[in-house]
Structures are given as structure tokens and as C-alpha cells.
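The values are calculated or read from the model by the stated rules, or taken from the named source; none is laboratory data. This one's a predicted model, so the numbers in the text were calculated from it and none came from an experiment. Positions of Cβ are generated from backbone atoms using ideal geometry, with glycine treated the same way; all protein chains shown enter the neighbour counts. For the accessible areas, the whole protein counts, side chains as well, though only heavy atoms, and no ligand, DNA or RNA atoms are used. Shrake-Rupley method; radii C 1.70, N 1.55, O 1.52, S 1.80 Å.
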Amino acid sequence: MIYDDQFFEIEDQIQEVLVCLQQSNTYQNYLENKKKLYADEEVQIVRADFLQKKEAFERIEAYGSYAPDHREKRRALRKAKRVLDVHPLVAEFRFSETELQGILDEMTIKIAHCISDDIKVDTGNPFFETKSSCGGKCHVG
């Protein structure tokens, strides 16, 4: 790669975009929700319970229904996951995370299409499938 003045201009513009993004309400909301999530003792207890049940299930998962307590551990894992998912702080964090990811996806698509409409961008978001022109199944190659 050849580094010239144009490269450094692009790098400066990227820094400006990052500063704008970091100053946005969406990003600030994401950071605030992340802090609340990791500071909340109840969430950490629920998360630890989920992780413990996940680990217990993963130990017997390979044996499938042959493991004596496969069904019970799978059910306990699903219940723990549900408790974690419906916790208000977790739901709020995930919502803000999805909002921020949406902005990043839009930015990536716009940058790619400035270069060429043939560039495929895998956003992993079904709402961007038509814009990304790869149906969420982009591969390098």
C-alpha cells in the first residue's frame, strides 16, 4: 500500500466520523446502558446462573438424549436464558446495541456503495438484505 496525502485525508475524515459517532445520542445511550448492565448486581447473578447452566449443558450435549439428565439440563438452560433475556436492563442494553449496529450498518453500506454498487456488505441484518445485495450471505472470495 502506498501512503500518500490522499490516504492521510481519508484517515482524518474517518477520525471525524468516529468523533461524531461517539458524540451521538445513540452511542452515549449504548454506553450508559452497558454501564448499568455491568454494574447491576442482580443482572450479574442472573448472568452467572445462565453461564453455569450453559456450561453444565455443554458438558453433556455431545451425548444427546443418551445423557440421563439431558432434557432437564436443556430445559434449565432455556429457562435461565429466558430470565436473562427478559430482564429490563438486558433488554434495554440489547435495544441500544441494535440501534448502534443499525447506524454502523448504514454507514458501511453507504461507504461501500460510494466505491462501487457491486461491493457486497454483510450486515447480518435482514432489513438490509436488498441494500447489501448479498442477502446477508456474503463471503470473501
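The figures follow:
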{"item": "Selection count, the range 62-76, where residues are touching a helix residue (DSSP H, G or I) at 6+ places or on another chain (Cβ under 8 Å), open to solvent by 30 Å² or more (accessible area, probe 1.4 Å) and without any contact (Cβ under 8 Å) to a residue 12 or more places away in the chain", "result": "4"}
{"item": "In the range 1-31, residue surrounded by the most Cβ atoms within 10 Å (Cβ to Cβ) [restricted to those that are of a type in the set (F, W, Y) and touching a residue at least 12 places away in the same chain (Cβ under 8 Å)]", "result": "Y30"}
{"item": "The range 93-111, residues that are among the hydrophobic types (A, V, I, L, M, F, W, C) and either at pLDDT 90 or above or loosely packed, with under 13 Cβ neighbours inside 10 Å (or both)", "result": "F93, F95, L100, I103, L104, M107, I109"}
{"item": "Of all residues making up the range 92-123, the number that are of a type in the set (D, E) and either touching a Ser or Thr at 6+ places or on another chain (Cβ under 6 Å) or in a helix (DSSP H, G or I) (or both)", "result": "5"}
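Conditions tested, residue by residue: (1) small (G, A, S); (2) loosely packed, with under 15 Cβ neighbours inside 10 Å.
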| position | (1), (2) |
| --- | --- |
| N33 | no, no |
| V43 | no, no |
| R78 | no, yes |
| P88 | no, yes |
| A91 | yes, yes |
